[in-house]
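**Student:** Below are the structure tokens for one structure; questions will follow.
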Amino acid sequence: MVGAWEPLLAFLRIKTMPAFVCFLVLFTFWGASALGQSSEPSTNPATVAPVLVPAPSPASLVKLEPDANGAVPPEQIRALLTRAEEKDLENDKRERDYTYIERQVEHRLDGQGNVAKTEIRTSEVLEVYGEQVEKLIAKDDKPLSEQEAKKEDDKIQKIIDKRKNESDEERRKRLAKEEKERDEDRQFVLEIADAFDFRLLGSEVIDGHDSWVLEGRPHSGYQPKHRDAKMLSKVEGRIWIDKVEAQWVKLDITAIDTITFGLFLARIHKGARVVVEQTRVNDEVWLPKHVEFRLDAKLALVKTYREDVEQTFRDYKKFRTDSKITMIGETQ
């Protein structure tokens, strides 16, 4: 994600988070508007029977027992979300073995909601010494100029040099910081179960995967514990979770009220929406497939961003896990 989103993404640490935690942040700050326009799952919630979400061993099976209205107890949701996060952390490790192409179409809107400008950016997503980076390869579906291409190569080489020359102490501090952030993310995950009332709406096949459909709406009287969790009362949405793997497949989330973070940093208005889909690749990893989001936000209470953005992902390629990039275009 680029362009006007960069200041917000930097603040939210999106680039450094695993996919499931990205969802949780998106669940907090953006969302899926017009839930009533979404297609209804195939099963009546009143007839949903207790289900088991498989995990690695019989002892860790997650059991969902909705009541007659489809409501699922918080402890069962907590177990499911915890399992889904564990799966996504595993998935994040496997994702580092892959490269793929990301194409983003960004429509900037005027005050009346009409398209004022369109930009298309195509990037190659790479892993460099364990860090996911984007290398821009085309603008408006045209190859970069020689100067622009060199600038992108220099950017990647700078990251390579930094990691290659990283001292043991620098590496220790970096990994400790990443672990601290993951722990904070896990704490945030646990609050999701308390912050929302979840209903099991039924099941739906998404991209060939039979998935449970859960709807989450803010729980009345919820008192946040995590520093970021106070914003959870401003969003609602749905999540599709693969029945076999406890892996989220699709997200559809909405901001139902204006969200303000930082005294004067940013404000995201009611109605902002995000829809995210993942796909199974090589029967071993889930990678991004399609993202749509509509943003109506104000940064520093001065600059307004109104955008419709669509991202598509393709050409997934696996490389050797023991490879290290030593220079542009060469691997060991």
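The values are calculated or read from the model by the stated rules, or taken from the named source; none is laboratory data. All values derive from a computational prediction rather than experimental measurement. Neighbour counts are summed over all protein chains in view; Cβ atoms, including those assigned to glycine, are modelled from backbone coordinates with ideal geometry.
**Student:** Among the residues of region 66-102, count how many are without any contact (Cβ under 8 Å) to a residue 12 or more places away in the chain and closer than 30 Å to D141 by Cα.
**Tutor:** Result for region 66-102: 0.
**Student:** Name the single residue that is nearest to K250 (Cα to Cα) among those in region 180-201 being at pLDDT 85 or above and surrounded by fewer than 19 Cβ atoms within 10 Å (Cβ to Cβ).
**Tutor:** Per the criteria, the residue is D197.
**Student:** Among what's in region 235-260 and is of a type in the set (S, T, Y) and assigned to a strand (DSSP E or B), pick the residue that is surrounded by the fewest Cβ atoms within 10 Å (Cβ to Cβ).
**Tutor:** T260
**Student:** Filter region 127-162 down to the residues that are in contact (Cβ under 8 Å) with a residue 12 or more places away in the chain and in a strand (DSSP E or B) and list them by number.
**Tutor:** Selection gives E127, V128, E131, Q132, V133, E134, K135, L136, I137, A138, K139.
**Student:** Within the set of pairs 6+ apart or on separate chains, which have a first residue in region 170-190 that is of a type in the set (V, I, T), a second that is in a helix (DSSP H, G or I) and loosely packed, with under 12 Cβ neighbours inside 10 Å, and C-beta atoms under 6 Å apart?
**Tutor:** From residues that are of a type in the set (V, I, T), there are no pairs.
**Student:** Can you find a residue in region 87-99 that is at pLDDT 80 or above, within 22 Å of the chain's Cα centre (by Cα), in a strand (DSSP E or B) and among the β-branched types (V, I, T)?
**Tutor:** Yes, that holds for at least one residue.
**Student:** So, one more: D207 fails exactly one of the following numbered conditions: (1) farther than 28 Å from G130 by Cβ; (2) within 20 Å of the chain's Cα centre (by Cα); (3) modelled with pLDDT of 80 or more; (4) surrounded by 16 or more Cβ atoms within 10 Å (Cβ to Cβ). What is the number of that condition?
**Tutor:** Of the numbered conditions (1) farther than 28 Å from G130 by Cβ; (2) within 20 Å of the chain's Cα centre (by Cα); (3) modelled with pLDDT of 80 or more; (4) surrounded by 16 or more Cβ atoms within 10 Å (Cβ to Cβ), the odd one out for D207 is (4).
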